[in-house]
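Here's the structure, in structure tokens; my notes come after.
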């Protein structure tokens, strides 16, 4: 059984970040997140701003972490994950 990756720093900062970006993204349709890591921000922000199509991405060495992190998380507007060079 694989455990989902978890970042305590992400959990701590997601609400303060959301408070800043939510008004900025009110009229935005698409977001490219560079360095998505565990996928926690994509899931949290995606749930809070369902009008966005959220594109996650990361380096090849981090993609397995991002894939495991996204597994089982609800993010209906999250697009396919992009691997950066």
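Some notes on this structure:
- Checking each residue in the range 40-59 for being under 13 Å from residue 25 (Cβ atoms) and over 10 Å from the mean Cα position of the chain (by Cα) picks out 48, 49, 50, 51, 52, 53.
- In the range 52-66, residue surrounded by the fewest Cβ atoms within 10 Å (Cβ to Cβ) [restricted to those that are touching a residue at least 24 places away in the same chain (Cβ under 8 Å) and either in a loop (DSSP other than H, G, I, E, B) or touching a helix residue (DSSP H, G or I) at 6+ places or on another chain (Cβ under 7 Å) (or both)]: 60
- Complete set of residues in the range 11-39 that are at pLDDT below 95, over 13 Å from the mean Cα position of the chain (by Cα) and surrounded by 13 or more Cβ atoms within 10 Å (Cβ to Cβ): none
- Of all residue pairs spaced 6 or more apart or on separate chains, those with beta-carbon atoms under 6 Å, a first member in the range 23-48 that is farther than 18 Å from residue 7 by Cα and a second member that is part of a strand (DSSP E or B) and at pLDDT below 95 are 30/53; 31/54; 32/55.
The values are calculated or read from the model by the stated rules, or taken from the named source; none is laboratory data. All of these numbers come straight from a predicted model, not from anything done at the bench. Glycine also receives a Cβ, built like all others from the backbone with ideal geometry; neighbour counts cover every protein chain displayed.
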